[in-house]
């Protein structure tokens, strides 16, 4: 898959361009339905399947005081979209100037003059243009005027509930990893660089490798608790116990931290990129009377994490 950073760097294609419009945060089952429809149609017609995505998310410009946490990094999003067969991913910065464009101006400048699209694919609730005034139905009318087709993908539902990024975000924040996974179609992830911690896991508690993960402040962080996960380090996967919380056994007040006990691993990975694939929640975070009780509980957590990892292989 080709990744283009900036619409100004998009080169005209020899084949017809079919484009999916949206942010696709999380690349959940609703997004998957849209992208698969796009890819199938484009390839059947001998065209290329592209996605046009604003990054950063428009909310960072439009509502900076009410910014929803992201479900995936831009890199993870690209990985998931490539897995669905997308040919071209176009990331373009969302700016205050773009925010002022009318729906017609967006269609003319981006879809017609720059991408020269053959057909567009959008979700049932897609909006575009100044103050989100553009609707899927309006896009269909523009398509008739400018000569491109429009496919409006209906909502994807599970048990009568519409799958959405906001619903998945709430699940993750509540620690409901299992249902988030059902809605996503894949396991939620956290990823970032391993940073210096308190060194308590190795020096005091006797656990071979405890990795403190520094993640982007833009990402949605699961609710406080202990989770079973798979840690991917340098392409190798290990079962892991992940604690997300304030370390109440040791601190009265402490910033939220993400601490992974990587089982069967004892290498120095400070500064390395680490991905945690969250499998399920084991328990809530709790304060223990002392370090010995905490150590015993973590050992039990490790056994539970191994059981979960084995069960969902």
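A few comments on the model shown:
- One residue stands out among those in segment 264-297 that are within 23 Å of residue 172 (Cβ to Cβ) and not in a strand (DSSP E or B): the one that is farthest from the chain's Cα centre (by Cα), which is 286.
- Given (1) part of a helix (DSSP H, G or I); (2) over 22 Å from residue 49 (Cα atoms); (3) in contact with a helix residue (DSSP H, G or I) (Cβ under 6 Å, 6 or more places away or on another chain), number of the condition residue 181 does not satisfy: (3)
- Helices (runs of 4 or more DSSP H) within segment 52-159 that include 3 or more residues outside the structural domain of residue 17 (by TED's automatic domain parsing): none
- In segment 140-169, residue farthest from residue 71 (Cα to Cα) [restricted to those that are crowded, with 17+ Cβ neighbours inside 10 Å and in contact (Cβ under 8 Å) with a residue 40 or more places away in the chain]: 151
The values are calculated or read from the model by the stated rules, or taken from the named source; none is laboratory data. Just so it is clear, the model here is predicted, and its values are computed rather than measured. Heads up, the Cβs are rebuilt from the backbone with ideal geometry, glycines too, and the neighbour counts pull from every protein chain shown.
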